[in-house]
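Reading through the structure tokens given below for one structure.
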Amino acid sequence: MASPPITELTSRAKEIFRLVVEDYLASGQPVGSKTLAARGEVNLSPASIRSVLSELESFGLLAAPHTSAGRMPTDIGLRLFVDGIMQVGEPTQAERSAIEKQLATPGPIEEALESTSALLSNLSGAAGMVMVPQREARLSQISLVPLDAKRALAVLVAEDGHVENRVLDLDGPVSAAALQESSNFITARLRGRTLAEAARAMQTEIASGKSALDEASQRLVEAGIATWSEDAAKRPVLIVRGASNLIDESAATDLERVRQLLDDLENKQSVAHLLDSARQAESTRIFIGAENRLFALSGSSVIAAPYRDREGKVVGVLGVIGPTRLNYARVVPMVDFTAHSLGKRFG
């Protein structure tokens, strides 16, 4: 059923609809006419309010659960509320400070993504999700350290903060000076390239006879810039934290919905595909319940926003997932601000 445009609702119906939705989002419980009348925000009797509630129900905006005389918004009603009534503010200073402090902590980008997902979960009371950028890391620095006469340790540091250690087998004794020379060569000549690009550049230089390294050092460099042990295709596509937040007091009466939602989250590829559809969004996107086939059974909502690097290129998507009664007005600006803050970590 298509809902009427917000402009077609009378001012009285619009106000009562707003109150029902806001009460429901705050409590998770259906809202009755007596409750609305007691609030004193509408100068109507419970009987008159019931008449308006019935009208809103006939439009498909509200529904009356069989266990209660109160009303709750349908997915269609929530969409109308989000698009036409909801007033979105700004994150509180405390929320902004918590987000900025967490993301300012130095370390590998994987840790920043993990902490971002956990942070969104803690702040929203739902589950936080962050898509891992699907791109190959670029080399920032390499250090070759002797372990013993036949082995050396290669420490690779990527521009995004990813650090990887690998043990290299040596054909014979290699001096610490030769290892340092190889380290300097890679860092100076190959910085800013992916390992595949670095390997090709090295091979070209060796083939042309222009390499300043001796044969032993050449082999060491080639071994040191082999592919990352986890390339972009093998890295997890989605980090989810705080799924336990989805099992709240209201879940006791709707265990099947929660079970279905947890099953959805286990299928990270499907959830990642949904998030990926928000890549081209200019701002935060909201997916409500059955609007998306993936969550038709679990009755869940997703609030997602793309995060961009310093050049404005989208590198991933983050967001939260929870029941349709998420506090959209609070969570939407929180997700948007977090996406902006995380983007600063990408050069």
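The values are calculated or read from the model by the stated rules, or taken from the named source; none is laboratory data. Everything numeric here is computed off the predicted structure, so don't read it as measured data. Cβ coordinates were reconstructed from backbone atoms using ideal geometry, including for glycine residues, and neighbour counts include every protein chain displayed. Side chains included, ligands, DNA and RNA excluded: accessible areas come from the protein's heavy atoms. Shrake-Rupley method; radii C 1.70, N 1.55, O 1.52, S 1.80 Å.
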By residue number, the members of segment 163-193 that are touching a residue at least 40 places away in the same chain (Cβ under 8 Å), within 11 Å of residue 139 (Cβ to Cβ) and assigned to a helix (DSSP H, G or I) are 186, 187, 190
Counting only residues in segment 137-187 that are open to solvent by 70 Å² or more (accessible area, probe 1.4 Å) and under 35 Å from the mean Cα position of the chain (by Cα), the one nearest to residue 110 (Cα to Cα) is identified as 163
Taking segment 292-328 and keeping only residues that are assigned to a helix (DSSP H, G or I) and farther than 17 Å from residue 128 by Cα, one is left with 293, 294
Residues in segment 100-110 that are touching a residue at least 24 places away in the same chain (Cβ under 8 Å) and in a helix (DSSP H, G or I) total 4
The residue from 32, 77, 60, 40 that alone is at pLDDT 90 or above and on the phi > 0 side of the Ramachandran plot is 60
Conditions (1) open to solvent by less than 30 Å² (accessible area, probe 1.4 Å); (2) at pLDDT 90 or above -> residue 327 fails only (1)
Residues of segment 140-157 being free of Cβ contacts under 8 Å to residues at least 60 places away in the same chain and part of a strand (DSSP E or B), in sequence order, are 140, 141, 143, 145, 146, 147, 148, 151, 153, 155, 157
Residue set 126, 104, 94, 177; condition under 30 Å from residue 61 (Cβ atoms) and not hydroxyl-bearing (Ser, Thr, Tyr); output residue 126
Condition first: open to solvent by 60 Å² or more (accessible area, probe 1.4 Å), in a loop (DSSP other than H, G, I, E, B), farther than 19 Å from residue 328 by Cα and among the hydrophobic types (A, V, I, L, M, F, W, C). Can you find one or more residues in segment 53-75 that meet it? yes
Looking across segment 1-52 at residues that are of a type in the set (Ser, Thr, Tyr) and not in a helix (DSSP H, G or I), the single one that is surrounded by the most Cβ atoms within 10 Å (Cβ to Cβ) is 3
Per the filter on segment 104-136, residues farther than 23 Å from residue 193 by Cβ, among the hydrophobic types (A, V, I, L, M, F, W, C) and either open to solvent by 10 Å² or more (accessible area, probe 1.4 Å) or modelled with pLDDT under 85 (or both) are 104, 118, 119, 123, 131
Residues in segment 81-99 that are under 30 Å from residue 51 (Cβ atoms), among the hydrophobic types (A, V, I, L, M, F, W, C) and either open to solvent by 20 Å² or more (accessible area, probe 1.4 Å) or not in a helix (DSSP H, G or I) (or both) total 2
Picked from segment 272-304 (must be crowded, with 24+ Cβ neighbours inside 10 Å and within 25 Å of residue 160 (Cβ to Cβ)), the residue modelled with the highest pLDDT is 304
